[in-house]
Amino acid sequence: MRITGLRSFMSHDDKRPRVIVAIDTDEGITGWGECYNHGPDKALPHILEYFYEQIKGEDPRRIEFLMLKMQQQARFPGGAMHLAAFSAIDHCLWDISAKAVDLPVYQLIGGAVRDKVRVYLGVHNYKDAEGFLDVIAGHNEKYGLAAFKMHPYRVDFHKERWGEVIRTGAEFFRTIRERAPSHYDFAFDAHAKIFDPWQAIQLGNALAPYDPMFFEEPIRPEHIPAWAEMKAKLNCPLATGESLYNRYEFLNLLSARGCDIVQPDICVVGGLLEMRKIAVIAEAHYVPIAPHNPMGPLATAVNLHFSAATPNFKILEYRLPLDAPYVKDPYLPEDGYLQLRPDRPGWGVEIDEQVLAKDGYVHWERKLPVKPDGAFGYP
């Protein structure tokens, strides 16, 4: 079997752009993958075309060989855009390899260690407890979802006194915890908006009495000693990893005891192959893995196969595919879990190429907050 083509498509998932990739073979098998959207998404098709030249004519089942070839041809360690492209190519190669033997991808990486994959849903746009509780009750009734993630900020912390940020965040969570069913899990994503580690510690410990599932990425990821200090002083699980790019960065974080839960993104780190290596390093440090997955339904399919076969998997971030028509049959939760599809080869979903043939690109960029003094904050 040989690689004969690479096609990329600009599509969308609700209001976010998505770059979807197909790799074709001379045996009529096509594999599918999804890039992470870091921002300049229109650059990705050109990057993909460049790296296609390194793999065309090769056997797509030599996944490790081909990933090494592209990575080493790049000379310097791949950054965000390279790795987003590598991730989608990796997804395609796994999809082809599994379809070639008529098996789900998870069967190629050791088989399923669980029968279904638990997910949590982000619910971020509700400032009042009543509205939040109504929304999660609806998701529970329809999909059985009982794990949710929200942001910890109830006021604009650039404009309010920090003590008010702490008080309002803790009181909101206390109200939710008192009124929601006791078996529900709640996590908090601080979106790396905080600069001072001591503030992150204060906020996490204010939430801790109400049993958060985890406190995610309160500060920027670059300085590992600050993470080790936070973890040592927090009274709740600390999670991070969406902004880290490879096994070496995760090794540094884990060696420093910088978190309780790692959150690599299978569309960021270079794909399933690198994700598996990160998971093994985490497992050796007794750290569970909760994949970062704010992407579309194809990325969710890729994550499901990783999660099904990974012993130290904890829970998967999930986005409802409300407007992502390029996947005909997305994985939807049942009783809070995604079910495996053992009778379907590859990723277990069908791609609608007629939808992808239309330019579905939507422009999206992060909005920078402006502080009262006119300086920018972290988005």
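Just one of the numbered conditions (1) closer than 21 Å to R18 by Cα; (2) of a type in the set (S, T, N, Q); (3) outside any loop (DSSP other than H, G, I, E, B) is not true of N293: (3).
Scanning segment 310-335 for residues being touching a strand residue (DSSP E or B) at 6+ places or on another chain (Cβ under 7 Å), under 24 Å from T240 (Cβ atoms) and not basic (K, R) gives a total of 7.
Residue count for segment 322-336 under the criterion of being buried (at least 19 other Cβ atoms within 10 Å of the Cβ) and either in a loop (DSSP other than H, G, I, E, B) or in contact (Cβ under 8 Å) with a residue 60 or more places away in the chain (or both): the result is 6. Of the residues making up segment 249-292, just one is within 23 Å of K233 (Cβ to Cβ) and touching a residue at least 60 places away in the same chain (Cβ under 8 Å), namely A290. Kindly evaluate V268 against the criterion of being of a type outside the set (D, E, K, R), touching a His at 6+ places or on another chain (Cβ under 8 Å), surrounded by 24 or more Cβ atoms within 10 Å (Cβ to Cβ) and assigned to a helix (DSSP H, G or I). The answer is no for V268. Checking each residue in segment 64-103 for being under 15 Å from L6 (Cβ atoms) and over 20 Å from the mean Cα position of the chain (by Cα) picks out L66, M67, K69, M70, I96. Among the residues of segment 225-233, are any crowded, with 17+ Cβ neighbours inside 10 Å, charged (D, E, K, R) and part of a loop (DSSP other than H, G, I, E, B)? Taking every residue of segment 225-233 in turn, none turns out to be crowded, with 17+ Cβ neighbours inside 10 Å, charged (D, E, K, R) and part of a loop (DSSP other than H, G, I, E, B).
For segment 157-193, the set of residues classified as within 26 Å of the chain's Cα centre (by Cα), assigned to a loop (DSSP other than H, G, I, E, B) and either in contact (Cβ under 8 Å) with a residue 60 or more places away in the chain or not assigned by TED's automatic domain parsing to the domain that holds I315 (or both) consists of H191, A192, K193, listed by residue number.
Residues that are within 20 Å of L368 (Cβ to Cβ) and buried (at least 18 other Cβ atoms within 10 Å of the Cβ) within segment 188-198 comprise D189, A190, A192, K193, I194, listed in sequence order.
Out of A279, A284, I need the residue that is surrounded by fewer than 23 Cβ atoms within 10 Å (Cβ to Cβ), over 30 Å from L356 (Cβ atoms) and hydrophobic (A, V, I, L, M, F, W, C). Which one?
After applying the criteria, what remains is A284.
So for segment 239-246 (the condition being out of contact with any Pro (no Cβ under 9 Å at 6 or more places or on another chain), modelled with pLDDT of 95 or more and either outside the structural domain of H151 (by TED's automatic domain parsing) or more than 22 Å from M295 (Cβ to Cβ) (or both)), does at least one residue qualify? No, segment 239-246 has no match at all. For segment 1-60, a residue qualifies if it is assigned to a strand (DSSP E or B), among the aliphatic types (A, V, I, L, M), closer than 29 Å to Y318 by Cα and modelled with pLDDT of 95 or more, and the qualifying residues are L6, V19, I20, V21, A22, I23.
Assess whether F65 counts as being in a helix (DSSP H, G or I), surrounded by fewer than 20 Cβ atoms within 10 Å (Cβ to Cβ) and not assigned by TED's automatic domain parsing to the domain that holds P342.
Numbers: in a helix (DSSP H, G or I): yes; surrounded by fewer than 20 Cβ atoms within 10 Å (Cβ to Cβ): yes; not assigned by TED's automatic domain parsing to the domain that holds P342: yes.
It is true that F65 is in a helix (DSSP H, G or I), surrounded by fewer than 20 Cβ atoms within 10 Å (Cβ to Cβ) and not assigned by TED's automatic domain parsing to the domain that holds P342.
Sub-6 Å Cβ pairs linking a first residue in segment 18-30 that is free of Cβ contacts under 8 Å to residues at least 24 places away in the same chain to a second residue that is surrounded by fewer than 18 Cβ atoms within 10 Å (Cβ to Cβ) and part of a loop (DSSP other than H, G, I, E, B), at least 6 apart or interchain, number zero.
The values are calculated or read from the model by the stated rules, or taken from the named source; none is laboratory data. The model shown is predicted, which means the values in this text are computed figures rather than measured ones. Methodologically, a virtual Cβ is constructed for each residue, glycine included, from the backbone with ideal geometry; neighbour enumeration extends over all protein chains shown.
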